[in-house]
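Student: If you scroll down you'll find the structure; I have some questions about it.
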Amino acid sequence: MANMSETPQPGYNFAYLDEGSKRMIRRGLLKAVAIPGFQVPFGGREMPLPYGWGTGGIQVTASLITPEDVLKVIDQGADDTTNAVSIRQFFERVAGIASTTRTREATIVQTRHRIPETPLEPGQIMVFQVPIPEPLRFIEPSETETATLHALSDYGVMHVKLYEDIVRHGHIATCYAYPVEVNGRYVMDPSPIPRFDNPRLHMSPALMLFGAGRERRLYALPPHTEVVSLDFEDYPFEIQRPEAACAICGSTESYLDELIVDDAGTRRHVCSDTDYCQARVKAREAAA
Amino acid sequence: MNVRLRDAQPGAASQLEVPARALSGEKARPLLQVDDVCRLFGPEQGCQEVSFTLYPGEVLGLVGESGSGKSTLLSTLSGRLPPDRGRVRYRDGADWLDLYAAGEGRRRALLRTQWGFVEQNPRDGLRMSVSAGANIGERLMAQGARHYGRLRQCALEWLRHVEIDAARIDDTPETFSGGMRQRLQIARNLVSGPRLVFMDEPTGGLDVSVQARILDLLRNLVREFDLSVILVTHDLAVARLLADRLMVMRRSRIVESGLTDQILDDPQHPYTQLLVSSILQV
């Protein structure tokens, strides 16, 4: 349900950030869109929440949002977790914009670690919160070296990591932040979304923007960009299909969270995307 | 050859040209041409006035005391440290490539395909946190190999070449001994079939029995794969065993060069004489 916009609190500029900072971030975003997958440095501002809670995403949202926008914020797919609720309320207060939990109604979706199950549409903008933007970081600690590797498309080390996965686990065990090649050029960290969501990046009709607040980097996927998940010929990329169905809506198609619900260790699986799950329940009730 | 040959015996120069020139075809054409390379950090610190030619299949030893500029020269030759003056050219098939005039992309591609670099400390040349197999496969993956099974086959084959037990393929170099690490580093460099390998004290810091084993291995690999090697060492015994030709460095300059046996048995420059006479006799 879309919340009606309230009057923004006095004393704040629209959407909290000053206009100069917003312009600076928008310039960075334009550059990021122009070079898909390339990490653009920007002057990250201090925001009223700690690093690691979405300072990058919140700055991107603040620089883009207009009074007409409808904002949805999810955290691991859920609209009702502390982080998601806080960020949504923050923008309601400092920008007076309308918010929603429905993917279809939203013009901007700020997300931590998921892409909604409901297919995105042209004109929608996804804003990802990114902890570590550099996909090569875990194998190459030097920033100058990774910058050079990107500049020369020298991505052999990325496969070294996947090779190690197969050595240790017998299959590519990277199940989130799974590296992708964008537009045949840059290797990009899609932020810690599950690899289940990786295929949704490919040729998405929505604009995808990534903001890393602590690391001060922006990157982007323009709509309809080719995104290929890295793999080996004999160990191709594949997504894990859930073995169970959602305990609430019965979906076998969506990404499920596993919950332990009592002291006896009983497990239940439920959709991580709460909006998708509730929509299915409502549709079932309407049909009955 | 353009080597600054022993000043004392100008006649020796023509004799020294024989080993390379006598060969025909591909082997008669130089692989690396170094013209008046200079890289100085202070007066006589670094290297200067260095010119020489390296032929395919040749092992060139670079000896001298510490601080004489051996490692600086090696870095300059191997594309890691641009010289203040002079140029380094490498023959890639029929074309000559000016190392520092070429772009960084080309230089890096060369370094990990046709060239190799064996560091003195294997920690610098290996990825210590990934398995031996991944260390060997990295160059191939950088060249676009995307088949896990074949990468593994290749890694096993190279472990055999450098005499490491195949069962260790999934262990990280952290668990290897110093000698094994050095052998793994050699395998990691040779897997791409390089033509030219740079070695900076490959046996430094290893105990004597391990040193002997590595030298033996290197000698066999150089023969088997017909490698050209530029080898920095301060150990004349290593030079005697591996090198066809020696250059003696002192205070940033090459003071004497020639065939290894000739230099070690009949040193002409006072510094070389001192160096040779200072070998400990047991």
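The values are calculated or read from the model by the stated rules, or taken from the named source; none is laboratory data. Since the model is a prediction, treat every value here as computed from it, not as a measurement. Reconstructed Cβ throughout: ideal geometry from the backbone, glycine too, with neighbour counts over all protein chains shown. Protein only, heavy atoms only, side chains kept; ligands, DNA and RNA dropped before computing areas. Shrake-Rupley method; radii C 1.70, N 1.55, O 1.52, S 1.80 Å.
Student: How big is chain B in terms of Cα radius of gyration and Dmax, in angstroms?
Tutor: For chain B, the Cα radius of gyration and maximum Cα-Cα distance read 18.8, 58 Å.
Student: OK, next. For the protein assembly as shown, report the convex hull volume of the alpha-carbon atoms normalised per residue, in Å³, without decimals.
Tutor: Normalising the Cα hull of the protein assembly as shown by residue number yields 196 Å³.
Student: Would you work out what percent of the accessible area of the stretch A:152-288, with all protein chains in place, is carbon or sulfur (probe 1.4 Å)?
Tutor: Summing carbon and sulfur atoms, their accessible area is 49 percent of the total for the stretch A:152-288.
Student: Starting from the alpha-carbon convex hull of chain A, give the projected area averaged over all orientations, in nm².
Tutor: The number I arrive at for chain A is 17.3 nm².
Student: What translational diffusion coefficient, to the nearest whole µm²/s, does the stretch B:133-267 have by Stokes-Einstein, given a Kirkwood radius computed over alpha-carbon pairs, a temperature of 10 °C and 1.306 mPa s viscosity?
Tutor: Details: Rh = 16.3 Å.
Estimated diffusion coefficient is 98 µm²/s.
Student: Just the C-alpha atoms of the stretch B:114-186: what Rg/Rh do they give, with Rh taken as the Kirkwood radius?
Tutor: 0.93
Student: Further, regarding this structure: Would you list the P(r) distribution for the stretch B:175-252, with all Cα-Cα distances sorted into 10 Å bins from 0 and each bin expressed as a whole %?
Tutor: 16, 54, 26, 3
Student: Over 22 Å apart: what share of the alpha carbon pairs of the stretch A:1-98 falls there, rounded to a whole percent?
Tutor: 31
Student: Could you give the DSSP H helices of chain B that reach 15 angstrom or more along their long axis (alpha carbon positions) and whose average Kyte-Doolittle hydropathy is no lower than -0.5?
Tutor: Helix filter hits for chain B: B:132-142, B:208-225.
Student: Where a ≥ b ≥ c are the square roots of the eigenvalues of the C-alpha gyration tensor, would you call the stretch A:157-209 rounded, which needs a/c under 1.5, or, failing that, prolate if a/b is larger than b/c, or oblate?
Tutor: prolate
Student: I would also like to ask the following. Are there residues in the stretch B:127-171 whose accessible area shrinks by at least 50 Å² when all protein chains are included rather than the chain by itself, and which are they (probe 1.4 Å, ligands and nucleic acids not counted)?
Tutor: Buried by the other chains: B:ARG127, B:MET141, B:ARG146, B:TYR148.
Student: Shifting gears a bit: Given q = 0.21, 0.22, 0.24 Å⁻¹, what are the Debye log10 I(q)/I(0) values for the stretch A:177-287, with equal point scatterers placed on the Cα positions and solvent ignored?
Tutor: -1.13, -1.17, -1.24
Student: Kindly provide log₁₀ I(q)/I(0) values, in the same order as q = 0.13, 0.15, 0.19 Å⁻¹, from the Debye equation applied to equal alpha-carbon scatterers of the stretch A:42-146.
Tutor: -0.49, -0.63, -0.93
Student: Continuing with this model, one more query. Return the residues of the stretch B:92-117 for which accessible area with all protein chains present is lower than in the chain on its own by 50 Å² or more; set the probe to 1.4 Å and exclude ligands, DNA and RNA.
Tutor: The answer is B:ARG108.
Student: Let me ask something additional. Give me the distance between the Cα centres of the stretch B:179-230 and the stretch A:27-75, rounded to whole Å.
Tutor: 51
Student: Oh, and also: How big is the B-A contact in terms of buried accessible area, both chains counted, 1.4 Å probe, rounded to the nearest 100 Å²? Could you put the intermediate results ahead of the total?
Tutor: Numbers: alone 12940 and 13930 Å², together 25010 Å².
The summed interface area works out to 1900 Å².
Student: Let me ask something additional. Within the accessible area of chain B, what % is carbon and sulfur when the probe is 1.4 Å and the other protein chains stay in place?
Tutor: Within chain B, the accessible surface is 48 percent carbon and sulfur.
Student: Dipole size in debye (nearest 20) for the stretch A:1-110 around its Cα centre, Lys and Arg Cβ +1, Asp and Glu Cβ -1?
Tutor: 400
Student: Output the direction-averaged projected area (hull surface divided by four) of the convex hull of the alpha-carbon atoms of the stretch B:230-282, in nm².
Tutor: 3.6
Student: Output the relative contact order of the stretch A:36-93, whole-number percent, from Cα pairs under 8 angstrom with separation of 6+ residues.
Tutor: In percent, rounded to a whole number, it is 20.
Student: How much accessible surface does A:ASP275 have with a 1.4 Å probe, in Å² rounded to 10?
Tutor: Accessible area of A:ASP275: about 20 Å².
Student: Order these peptides, B:237-243, B:71-77, by their mean beta-carbon neighbour count within 10 angstrom, highest first. Don't skip to the end; give the middle numbers.
Tutor: Working: B:237-243: 20.4, B:71-77: 22.9.
Packing proxy ranking, top to bottom: B:71-77, B:237-243.
Student: Taking GluC sites (Glu not before Pro) as exposed when DSSP calls them loop (any state but H, G, I, E, B) and at most 16 other Cβ atoms lie within 10 Å, what is the longest stretch of chain A free of them, the sites themselves excluded?
Tutor: Values: sites that count: A:GLU6, A:GLU46, A:GLU68, A:GLU105, A:GLU226, A:GLU233, A:GLU238, A:GLU243, A:GLU253.
That gives A:106-225 as the longest site-free run.
Student: Counting only protein heavy atoms and a 1.4 Å probe, tell me what percentage of the stretch A:83-139's accessible area is made up of carbon and sulfur.
Tutor: Reported share for carbon and sulfur atoms: 55 percent.
Student: Next question. Ignoring ligands, DNA and RNA, what accessible area per residue does the stretch B:125-282 give at 1.4 Å, in Å²?
Tutor: It amounts to 41 Å² per residue over the stretch B:125-282.
Student: Taking Cα pairs under 8 Å and at least six residues apart, what relative contact order does the stretch B:150-190 come out at, in percent?
Tutor: Details: 20 pairs, mean separation 17.4, N = 41.
For the stretch B:150-190, the relative contact order is 43 percent.
Student: Just the Kirkwood number for the stretch B:57-208, please: inverse of mean 1/r across all distinct Cα pairs, in Å, one decimal.
Tutor: 16.6
Student: Would you calculate the separation in nanometres between label points at A:GLU121 and A:GLU226, each defined as 7 Å from the Cα along the Cα-to-beta-carbon direction?
Tutor: 2.9
Student: For the stretch A:115-182, rounded, prolate or oblate, judged on the Cα gyration tensor with a ≥ b ≥ c (square roots of eigenvalues), a/c < 1.5 rounded, else prolate if a/b > b/c? Kindly include the intermediate steps, with their values, before the conclusion.
Tutor: Values: a/c = 2.43, a/b = 1.38, b/c = 1.76.
Because a/c hits 1.5 or more and a/b fails to exceed b/c, the stretch A:115-182 counts as oblate.
Student: Note every residue of the stretch A:148-173 with a reduction of at least 20 square angstrom in accessible area, all protein chains present versus the isolated chain, computed with a 1.4 Å probe, or write none.
Tutor: Buried-area filter returns A:THR148, A:LEU152, A:ASP154, A:GLY156, A:VAL157, A:HIS159, A:VAL160, A:TYR163, A:GLU164, A:ILE166, A:VAL167, A:ARG168.
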